[in-house]
1. If you take the residues in the range 211-256 that are within 19 Å of residue 159 (Cα to Cα) and of a type in the set (D, E, K, R), which one is surrounded by the fewest Cβ atoms within 10 Å (Cβ to Cβ)?
2. May I ask you to list pairs of residues, at least six apart or on different chains, whose Cβ atoms are under 9 Å apart, with the first in the range 10-21 being within 16 Å of residue 86 (Cα to Cα) and among the hydroxyl-bearing types (Ser, Thr, Tyr) and the second being at pLDDT below 95 and not in a helix (DSSP H, G or I)?
3. Consider residue 101 carefully, then state whether it is under 23 Å from residue 147 (Cβ atoms), among the aliphatic types (A, V, I, L, M) and at pLDDT below 95.
4. Across the range 77-97, which residue is surrounded by the fewest Cβ atoms within 10 Å (Cβ to Cβ) among those that are acidic (Asp, Glu) and under 14 Å from the mean Cα position of the chain (by Cα)?
5. Only one of 160, 137, 156 is at positive phi, buried (at least 23 other Cβ atoms within 10 Å of the Cβ) and not β-branched (Val, Ile, Thr). Can you tell me which?
6. Which ranges mark the helices (runs of 4 or more DSSP H) fully within the range 18-82 that have 3 or more residues being closer than 20 Å to residue 236 by Cα and either in contact with a helix residue (DSSP H, G or I) (Cβ under 8 Å, 6 or more places away or on another chain) or at pLDDT below 95 (or both)?
7. Restricting attention to the range 104-123, which residues are within 13 Å of the chain's Cα centre (by Cα) and either of a type outside the set (Asp, Glu) or surrounded by fewer than 17 Cβ atoms within 10 Å (Cβ to Cβ) (or both)?
8. Could you pull out the residue among 199, 219, 207 that is in contact with a Leu (Cβ under 7 Å, 6 or more places away or on another chain), within 30 Å of residue 27 (Cβ to Cβ) and at pLDDT below 95?
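The values are calculated or read from the model by the stated rules, or taken from the named source; none is laboratory data. These figures come from a predicted structure and were not determined experimentally. Here the Cβ positions follow ideal geometry from the backbone for every residue, glycine too, while neighbour counts run over all protein chains shown.
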Amino acid sequence: MMSDADRRKAAESLIQAEKTRKPVIQLSKTWPEIVIEDSYAIQGLVNDMKVAAGSKVIGNKIGLTSKAMQQSSQIDEPDYGVLHDYMVVEDGAKVPFENYIVPRVEIELVFVLGKPLKGPGVGLLDVLRATEYVVPAIEIIDARVQNPRKIFDTVADNGAAAGLVIGGRAVGPMDIDLRWVGGLLYRNADIEETGVAAGVLGHPAMGIAWLANKVGRFGTVLEPGRVMLAGSFIRPVWAQKGDTLRADFGSLGSLSVQFV
């Protein structure tokens, strides 16, 4: 377990890394005594610093929702991070590659809440009833910590959250079987990854339920209007300068982002 002073040092180093686009040495190397509680505490400090500097929290992301990713990270549950308003990128936008350190992209579904969710005891149907609409998304992830990273590093680094593109067609949570929403991710003219939303814990709403129950233990409520990234159903795809990444969700439309 880390001291409060060391947690603050770690948080400040991550803020600096994001500003300078230079990753820091793994926190798990600098502080070998780090545990997952430290990581979430550091994440909280980083987000508090950003809010104090004028940023606004708009929602959450859930990550490591597949068994393969959990096994590779040596954990047995997902993780989560916080989404800020400055992370939102317009569909079709051109974003400077230099805004990121090592950008990658994933495709997933966003759930926008119309009613509050408070755990424990939140299940699949609770999430569907509380959701106003579901819409396709591209998540941009980045790493403010050097490789190879451990789960402690990734969680402290806000689950690698860096950007969010929302587009395509919004649907009601009961209008279609969300498990079978499919997606193709193109890099320029090539299909790099494909997947279906059932790859997220069997149903993408289960990631939202997990988070509501996880934070509900601390009295935290997922409030209406919150933007919830439910978890990727493909492997991350690297983005290079000049690349256009386009996600095709079939009947739910498509969206894209270009790194320039």
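1. The residue in question is 235.
2. That search, which allows pairs on different chains as well, returns nothing.
3. Considered against the rule, which asks whether it is under 23 Å from residue 147 (Cβ atoms), among the aliphatic types (A, V, I, L, M) and at pLDDT below 95, residue 101 comes out as no.
4. Within the range 77-97, the match that is surrounded by the fewest Cβ atoms within 10 Å (Cβ to Cβ) is 85.
5. Unique residue meeting the criteria: 160.
6. By residue number, 67-72.
7. Within the range 104-123, 104, 105, 107, 109, 110, 111 meet the criteria.
8. None of the other options fit; the residue is 207.
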